[in-house]
Amino acid sequence: QVQLVESGGGLVQAGGSLRLSCVPSRRAFRWYAMGWFRQDPGKEREFVAAISWSGDNTSYADSVKGRFTISRDNAKNTVYLQMNSLKPEDTAVYYCATRYRVAPTMRVGYDYWGQGTQVTVSS
């Protein structure tokens, strides 16, 4: 069973920053892509950002472009989501996800999900 350990959520004021981290338990295996998704009450889960193993390919939702940055440190087996200029609408539970297979795009095909970490942005 693949498990994802997330950290970095919290409460911040609008305009502030947070950095989320995700570490898959499957340390010895190469993943194809790692992504971040978010979900708030009454809404469907939405894509936020994703990155390939090489780091050459990244994808961002339009709502976070220019503010969020996804990165990876393969030596540490960790994926990060740096969130800057946070807005109240960024408030959600953020989930880390990974897949070990190919998929048509960076936004789909994720098989394993973390427990989620709460991000709350106040105004």
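Summary table below
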{"item": "Residues being open to solvent by 20 Å² or more (accessible area, probe 1.4 Å) and not β-branched (Val, Ile, Thr) - total across region 22-42", "result": "11"}
{"item": "Tally, over region 92-123, of residues that are free of Cβ contacts under 8 Å to residues at least 12 places away in the same chain and open to solvent by 70 Å² or more (accessible area, probe 1.4 Å)", "result": "1"}
{"item": "Unmet criterion (only one of (1) more than 10 Å from the chain's Cα centre (by Cα); (2) more than 18 Å from Val12 (Cα to Cα)) for Pro88", "result": "(2)"}
{"item": "Unique match (being closer than 15 Å to Gln82 by Cα and part of a loop (DSSP other than H, G, I, E, B)) among Gly42, Gly15", "result": "Gly15"}
{"item": "Subset of region 1-16 that is surrounded by fewer than 16 Cβ atoms within 10 Å (Cβ to Cβ) and either more than 25 Å from Thr120 (Cβ to Cβ) or in contact with a strand residue (DSSP E or B) (Cβ under 7 Å, 6 or more places away or on another chain) (or both) - its residue that is modelled with the lowest pLDDT", "result": "Gln1"}
{"item": "Top-ranked residue of region 61-91 - restricted to ones that are surrounded by 15 or more Cβ atoms within 10 Å (Cβ to Cβ), closer than 16 Å to Ser21 by Cα and aliphatic (A, V, I, L, M), ranked as modelled with the lowest pLDDT", "result": "Val79"}
{"item": "Residue among Arg19, Arg45 that is open to solvent by 50 Å² or more (accessible area, probe 1.4 Å) and within 11 Å of the chain's Cα centre (by Cα)", "result": "Arg19"}
{"item": "Number of positions in region 48-58 that are open to solvent by 20 Å² or more (accessible area, probe 1.4 Å) and either under 12 Å from the mean Cα position of the chain (by Cα) or without any contact (Cβ under 8 Å) to a residue 12 or more places away in the chain (or both)", "result": "3"}
{"item": "Of all residues in region 48-75 being in contact with a Phe, Trp or Tyr (Cβ under 6 Å, 6 or more places away or on another chain) and in a strand (DSSP E or B), the one that is farthest from Trp36 (Cα to Cα)", "result": "Ser71"}
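The values are calculated or read from the model by the stated rules, or taken from the named source; none is laboratory data. Remember, predicted model here, so these are calculated numbers, not experimental data. Backbone-built Cβ (ideal geometry, glycine too); neighbour counts: all protein chains shown. When the accessible area is computed, the model is the full protein with side chains, heavy atoms only, and any ligands, DNA or RNA have been set aside. Shrake-Rupley method; radii C 1.70, N 1.55, O 1.52, S 1.80 Å.
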